[in-house]
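Have a look at the structure below, then the notes.
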């Protein structure tokens, strides 16, 4: 007999009495959500979380902190390429180069905004990791 992912998740939640059995931390304040409900609001900051298998929302696992270097590199590449194409396009006016350079510039701005948000998430998670380390050293 095989189970779907939803049935496995439901069975795991029922056997755990709908509680989180491992140390998972709030993605905003770093509160340890162990023994809290699988879905709810953080007792410390009040932000919503959902600790389901697969995609977790509002949850931070220890060791998941990685700098978004790929996002930063793509944003810088697109912005630089857009700038160079637009600079070349306006020397003698060239409509095609203006459109291509505009697409790269707008795409680069979008990627830069995404990279900015990812960097702030990285900083937030690094602070949570430091808080967790300090608490574990205190014991």
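The condition of being modelled with pLDDT under 85, touching a helix residue (DSSP H, G or I) at 6+ places or on another chain (Cβ under 7 Å) and either part of a loop (DSSP other than H, G, I, E, B) or not assigned by TED's automatic domain parsing to the domain that holds residue 123 (or both) holds for residue 52. Restricting attention to the stretch 81-102, which residues are within 27 Å of residue 68 (Cα to Cα) and loosely packed, with under 14 Cβ neighbours inside 10 Å? Within the stretch 81-102, 84 is the sole residue that qualifies. Filtering the stretch 118-136 to residues that are within 15 Å of residue 70 (Cβ to Cβ) and exposed (fewer than 12 other Cβ atoms within 10 Å of the Cβ) leaves nothing.
Condition check for residue 34 on (1) modelled with pLDDT of 75 or more; (2) within 18 Å of the chain's Cα centre (by Cα); (3) loosely packed, with under 15 Cβ neighbours inside 10 Å: one failure, at (2). Screening residue 44 against (1) surrounded by 11 or more Cβ atoms within 10 Å (Cβ to Cβ); (2) modelled with pLDDT under 85 leaves a single unmet condition, (2). Take the conditions (1) modelled with pLDDT of 90 or more; (2) surrounded by fewer than 17 Cβ atoms within 10 Å (Cβ to Cβ); residue 74 misses just one of them, which is (2). Against the conditions (1) assigned to a loop (DSSP other than H, G, I, E, B); (2) surrounded by 15 or more Cβ atoms within 10 Å (Cβ to Cβ); (3) touching a strand residue (DSSP E or B) at 6+ places or on another chain (Cβ under 8 Å), residue 23 satisfies every one except (2).
The values are calculated or read from the model by the stated rules, or taken from the named source; none is laboratory data. The structure presented is a predicted model; accordingly, all values stated were derived computationally and were not measured. Ideal geometry is used to build each Cβ from the backbone, glycine not excepted, and the neighbour counts take in all protein chains shown.
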